[in-house]
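**Student:** Can you read through this structure? Questions will come right after.
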Amino acid sequence: MKRSIMLKANELMEDIAKKRYDRNALFFDRMDALFRGMLSDRKRALVKEAKGRVLEVGVGTGATLEYYPEDVELVGIDISPKMLARAKKRAHIFRGKKLTLLEADIQALELPDNSFDTIITSCVFCSVTDPVRGFRELNRVLKPDGSGLLLEHVRSCRPGVGKLMDVLNPIVVRMMGANINRNTAANIRESGLTLAEEQNLWLDILKLFRVTKGKEDRICP
Ligand SMILES: C[S@@+](CC[C@H](N)C(=O)[O-])C[C@H]1O[C@@H](n2cnc3c(N)ncnc32)[C@H](O)[C@@H]1O
């Protein structure tokens, strides 16, 4: 009973997140351009490491598509049809072997276990309603020798900055759909994924997480 209420609440929240990104799709690229200096080189470096069969979660308007190496097969997923429609318009700039863009939710993927060599995310787990559930799915579809490269912004551990992020979070969520005060390292660990490396890229707010598949017995709730 409690579980079904929680699933219903999650569905409702996911619908809200989807609608927010559908609305944001109109101006997302212009807004993203404000952070281009900080993000685009990092997105390029992230995606260049992709190998084999790749899943990009929250592919958005396709900002990373042009950076992928030529020998990868990419499946890009997003919950927002309007963000995806923009990515589809950019599909011609993808130089890899094969590109599939799908409307899908990282919290409940209809994709087989152990099917991806690399999983990429860039600024996505701030928006996923239940990030631990999303990371569990990521763990499930990652191959045992695969790797996840996650470029994510998180709550700062500096007391003043972290508190300010907590205060501003409800406003940012309402406007942008992104939580700015998540403890993503803790969420990764809770999901059962193995956190192999956590690197600060800008202060202690923008981070690169390298993850590998965790033990099977920790995948199931
Ligand atoms: C801040 S945007 C980042 C887009 C892109 N990765 C980039 O760097 O430009 C976050 C994206 O994650 C998507 N998203 C949010 N929750 C999701 C979920 N549960 N499953 C899949 N995609 C999701 C949103 O629709 C949005 O396109």
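**Student:** Within segment 30-46, is even one residue closer than 20 Å to E103 by Cα and near the ligand (Cβ under 8 Å from one of its atoms)?
**Tutor:** First pass over segment 30-46, keeping only residues closer than 20 Å to E103 by Cα: none.
No: zero hits.
**Student:** A follow-up question, please. Report whether or not L84 is over 28 Å from T212 (Cα atoms), part of a helix (DSSP H, G or I) and either of a type in the set (V, I, T) or without any contact (Cβ under 8 Å) to a residue 60 or more places away in the chain (or both).
**Tutor:** Working: over 28 Å from T212 (Cα atoms): no; part of a helix (DSSP H, G or I): yes; either of a type in the set (V, I, T) or without any contact (Cβ under 8 Å) to a residue 60 or more places away in the chain (or both): yes.
Criteria not met by L84.
**Student:** To continue, here is another question. Under the condition of being crowded, with 16+ Cβ neighbours inside 10 Å and of a type outside the set (D, E, K, R), which residue from segment 166-183 is nearest to S80 (Cα to Cα)? Talk me through it step by step, then tell me what you get.
**Tutor:** The first filter runs over segment 166-183 and keeps only residues crowded, with 16+ Cβ neighbours inside 10 Å, leaving 169, 173, 176-182.
Filter again for of a type outside the set (D, E, K, R), leaving 169, 173, 176-181.
Working: N169: 21, V173: 16, M176: 13, G177: 12, A178: 14, N179: 17, I180: 20, N181: 22 Å.
Checked segment 166-183; the qualifying residue nearest to S80 (Cα to Cα) is G177.
**Student:** Going residue by residue through segment 116-134, is there one that turns out to be surrounded by 15 or more Cβ atoms within 10 Å (Cβ to Cβ), within 8 Å of the ligand (Cβ to nearest atom) and among the acidic types (D, E)? First the steps, then the outcome.
**Tutor:** Kept after step one, since they are surrounded by 15 or more Cβ atoms within 10 Å (Cβ to Cβ), are these residues of segment 116-134: 116-134.
If we keep only those that are within 8 Å of the ligand (Cβ to nearest atom) as well, we get 121-124, 126-129, 134.
Remaining after also requiring among the acidic types (D, E): none.
Checked against the condition, which is being surrounded by 15 or more Cβ atoms within 10 Å (Cβ to Cβ), within 8 Å of the ligand (Cβ to nearest atom) and among the acidic types (D, E), segment 116-134 yields no hits at all.
**Student:** Right, next: Assuming K143 fulfils every condition listed in (1) in contact with a Ser or Thr (Cβ under 8 Å, 6 or more places away or on another chain); (2) within 12 Å of the ligand (Cβ to nearest atom) apart from one, which condition is it?
**Tutor:** It fails just one condition, (2).
**Student:** Next up: Can you find, within segment 1-24, the residue that is modelled with the highest pLDDT among those that are farther than 29 Å from D117 by Cα and of a type in the set (A, V, I, L, M)?
**Tutor:** I16
**Student:** Still on this model: Just to be sure I understand the filter: pairs with C-beta atoms under 7 Å, separated by 6 or more residues or on different chains, first member in segment 90-118 and within 22 Å of L150 (Cβ to Cβ), second member surrounded by 19 or more Cβ atoms within 10 Å (Cβ to Cβ) and of a type in the set (F, W, Y). Which pairs pass?
**Tutor:** Here the result reads F94/Y68; G96/Y68, each pair linking segment 90-118 to a residue that is surrounded by 19 or more Cβ atoms within 10 Å (Cβ to Cβ) and of a type in the set (F, W, Y).
The values are calculated or read from the model by the stated rules, or taken from the named source; none is laboratory data. Because the structure is a prediction, the values reported are computed rather than measured. Because the Cβ atoms are built from the backbone with ideal geometry, glycine has one as well, and the counts that use them run over all protein chains shown.
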